[in-house]
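To start, the structure itself, in C-alpha cells.
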Amino acid sequence: MYALNTLAGRVAFITGGATGIGLEIATQYTRLGAAVVLASRNQEKLDAAVETLSKAGGKAAAYRMDVRDPDEVAAAIAFTTERFGALDILVNNAAGNFPCATATLSPNGWRTVIDIDLNGTFYCCRAAYEALKVSRFGGSIISIITMNGVTGWPNAAHAAAAKAGILSLSRTLAVEWGGDGIRVNTISPGPIGDTEGVQRMYQDTGKAELERKRVALGRFGQRADIANAAVFLGSDLSNYVTGDNLIVDGGRWLKYVAA
Ligand code: NAP
Ligand code: COA
C-alpha cells in the first residue's frame, strides 16, 4: 500500500479519466492526495465520475473535450492550471479501438484511431509542456499504451501503430524535456478485466479464453494493477525513471499460444 500522502499537493490531468482504467487511476490519485481533472467527450460520464470522487473526499473537476481538437486540449489544460494552480502529472489514457481486418479498415477508421491515440497524446503533451516545466515536483507524463504496439496486433493495426507512435514520442520527449525536469514514461497493460478494451477486443470477438491463456500468470489483470503503476510513475518513487515502458501484463507479451 502506498502512503496516503504519496501524491499530496499534486495536480493531475487525466484524459479518458471518467471510465475504466482512467477512472481507477483518478480514484487512486485522489485517495493519495492529488487533485485531478478528468477530460473526455461525454459530459454525463464526467459528471458521474467527479461526483463519485468528490463524495469519497477527493478533489476532482471535469472538462469536456475531444483530444482530437488541439484548441480544446489547450483550453482544458488552461482550465486545470486555473482551477488547481498547477499541473504536475499528465496521464494520456484516452483511446479508441475496434477490431477490424486491415484489408477492410476504411481510411477514416484508421485516421480516427490515430487521431485519438497518437495525435491526441501529442496535443496533450505539447499543451501541458509549459505547466509541467514549472511543476514544483518535476513534471511527469504517463501514456497508456500496449505491447501489441511493439509486437503488432492483427485486426487492430490502427491501434497498434498509434501506440507504437506514442512509445516513440515518449522516448523522444524523455530526452528533449529531461533537462526541464519532466519525466516521460509509458505503461503497457495486458488484458484488464471488466474494461471496455477487453470487452471490445476479446469478449465481443469470442477470444477472451484464448487471450487469458496467452497471459503467463493465467488471468486478466485488474484496473488497480495499472493504477498502482501510474501512482509509481507520477510520484517521487520514480524520480530517476524516464523513457521507460513499464509492462504490467502478467507476462502476456512473452507467451505464445497458437489460436
Ligand atoms: P475506456 O473505458 O473505453 O476508456 C477510454 C476513454 O477514452 C473513455 O473514457 C473515453 O471517454 C475516452 N475517449 C475516447 N475517445 C476520446 C476522444 N476523442 N477525446 C477524449 N476522450 C476520449 O477503455 P479502457 O479499456 O479503460 O482503456 C483505457 C486505456 O488503456 C486506453 O489507452 C487503452 O488503449 C489502454 N489499454 C487498455 C487495455 C485493457 O485491457 N482494457 C489493455 C491495454 C491498454 P468519452 O467517451 O467520454 O470520450
Ligand atoms: N469496424 C470497422 N470500422 C469501424 C468500426 C468497426 N467496429 N467502428 C468505427 N469504424 C469506422 C467508422 O465506420 C468510420 O469510418 P467511415 O467514415 O469510413 O465509415 C470511422 O471508424 C469513424 O467512426 P465514428 O463512429 O464516426 O467515430 P467516432 O469518432 O464517433 O468514435 C470510435 C470513435 C470509433 C473509436 C468509437 O468506437 C469510440 O468513441 N471509442 C471510444 C471507446 C473505446 O474505443 N474504448 C476502448 C479503448 S481500448
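Remarks
- Unique match (being of a type in the set (Asp, Glu) and touching a residue at least 40 places away in the same chain (Cβ under 8 Å)) among 194, 204: 204
- Residue 187 closer than 25 Å to residue 10 by Cα and either surrounded by 15 or more Cβ atoms within 10 Å (Cβ to Cβ) or free of Cβ contacts under 8 Å to residues at least 24 places away in the same chain (or both): yes
- Test: residue in segment 229-241 that is under 17 Å from residue 146 (Cα atoms) and assigned to a loop (DSSP other than H, G, I, E, B): no
- Failed condition for residue 77, given (1) within 16 Å of ligand 1 (Cβ to nearest atom); (2) within 29 Å of residue 148 (Cα to Cα); (3) out of contact with any strand residue (DSSP E or B) (no Cβ under 6 Å at 6 or more places or on another chain): (2)
- The combined condition, being farther than 22 Å from residue 111 by Cα, surrounded by fewer than 21 Cβ atoms within 10 Å (Cβ to Cβ) and in contact with a Lys or Arg (Cβ under 9 Å, 6 or more places away or on another chain), is not fulfilled by residue 206.
- Residues that are farther than 22 Å from residue 22 by Cα and either near ligand 1 (Cβ under 8 Å from one of its atoms) or among the hydroxyl-bearing types (Ser, Thr, Tyr) (or both), drawn from segment 189-214: 205
- Hits in segment 107-122 (condition: small (Gly, Ala, Ser) and in contact with a Lys or Arg (Cβ under 8 Å, 6 or more places away or on another chain)): 120
- Residue check, residue 182 under 19 Å from residue 232 (Cβ atoms), of a type outside the set (Ser, Thr, Tyr) and within 14 Å of the chain's Cα centre (by Cα): no
Throughout, read-outs are computed from the coordinates displayed, never taken from laboratory work. Owing to the predicted nature of the structure, the values given are computational and were not obtained by experimental measurement. Note that we place each Cβ from the backbone using ideal geometry, even for glycine, and neighbour counts take in every protein chain shown.
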